[in-house]
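Let me begin by presenting the structure, written as structure tokens, before commenting on it.
The values are calculated or read from the model by the stated rules, or taken from the named source; none is laboratory data. Bear in mind that the values here come from a model prediction, so they are computed numbers and not experimental data. For neighbour counting, all protein chains shown are included, and Cβ atoms are generated from backbone atoms with ideal geometry for every residue, glycine included. Protein only, heavy atoms only, side chains kept; ligands, DNA and RNA dropped before computing areas. Shrake-Rupley method; radii C 1.70, N 1.55, O 1.52, S 1.80 Å.
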Amino acid sequence: MAHTVDFTSVSTAGLESSPVAEALAGLRANEARYFKNKYDHDFAVVPASEAPEIVEWVHGILDDERGLEIASRPLEVTEFVVDGIRMAYVFYESGLSINVMYTLEEGGKRAVGFKLSDGMEVPEELAAFRFARQRSKLAGTIRGSYFVIKREH
């Protein structure tokens, strides 16, 4: 069952099994605030088990583009289209968040973003990436990286 992420009162609901649940909840709320402010979109998530096709699409892109396989268990997902861009998010038990930004129009921007919750180590499978730091009132220090998608998915 979908629930809209509240970014004024951050909740760990759905993320309780993560060792960095509070930081991951803050990261999720940070994303919700961004989409509400920029696109007036309500960021709603479902348990990953209820939408395996989203996890499969994201994991398929990771494997096809970079040969990456994420070791952590997916907890929650969301997928939506805003301003001609298909967005998909997977929030993992480790504290990792992966998003895919896939412009539907041919030749548009397409990328995969990684964000690490405050307090988590860089996963071994992402050790080759360089992570930039940003501060968030909701999530503390977020470390992020990305790569450009080159193929059709």
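Per residue, the Cα convex hull of the chain amounts to 106 Å³. The length gained by stretching the chain between Asn37 and Gln134 to full extension, at 0.36 nm per residue less their Cα-Cα distance, is 33.1 nm. For segment 50-140, taking the reciprocal of the average inverse distance between every pair of different Cα atoms yields a Kirkwood hydrodynamic radius of 14.1 Å. For Thr78, the solvent-accessible surface with a 1.4 Å probe is about 10 Å², rounded to the nearest 10.
Please give me, ordered by residue number, the GluC sites (Glu not before Pro) of segment 73-153 that lie in loop per DSSP and have at most 15 other Cβ atoms within 10 Å.
Here the GluC sites (Glu not before Pro) that fit, given the DSSP loop and packing criteria, are Glu105, Glu106, Glu121, Glu152.
Under the combined filter of DSSP loop state and at most 14 neighbouring Cβ atoms within 10 Å, segment 106-153 retains these trypsin sites (Lys or Arg not before Pro): Lys109, Arg130, Lys137, Lys150, Arg151.
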